[in-house]
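Nothing in this text is a laboratory measurement; each read-out follows from the coordinates by a stated rule. None of these values were measured; they are calculated from a predicted model. Heads up, the Cβs are rebuilt from the backbone with ideal geometry, glycines too, and the neighbour counts pull from every protein chain shown.
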Amino acid sequence: MFLAYCDECEERFLLPANHITAVHNLDSGVIAIELTCYERHKIVVLSGKDIDIPGPATV
Ligand SMILES: [Zn+2]
């Protein structure tokens with residue numbers, strides 16, 4: 001499950017892994033995870049050791 005905030009819904013969702021549409025490995029160990037909320041809005045969550053925000057919770 002991934003905790004993600006949708007700007008359009010202005011709500012935080014706990015999304016199952018099947019809402020992931022893409023995962024990108026960026027520079028310096030940062031991972032960008034693209035998800036869709038329950039209204040099918042696109043959400044991008046950044047994760048990785050250098051990011052100082054709560055990353056997605058692994059299953
Ligand atoms: Zn949304």
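Which shape class, rounded, prolate or oblate, goes with the stretch 2-47 when its Cα gyration tensor gives a ≥ b ≥ c as root eigenvalues, a/c under 1.5 marks rounded, and past that a/b bigger than b/c marks prolate? Since a/c reaches 1.5 and a/b is larger than b/c, the shape of the stretch 2-47 is classed as prolate. In this label model, A22 and M1 are separated by 2.8 nm, measuring between points 7 Å along each Cα→Cβ vector.
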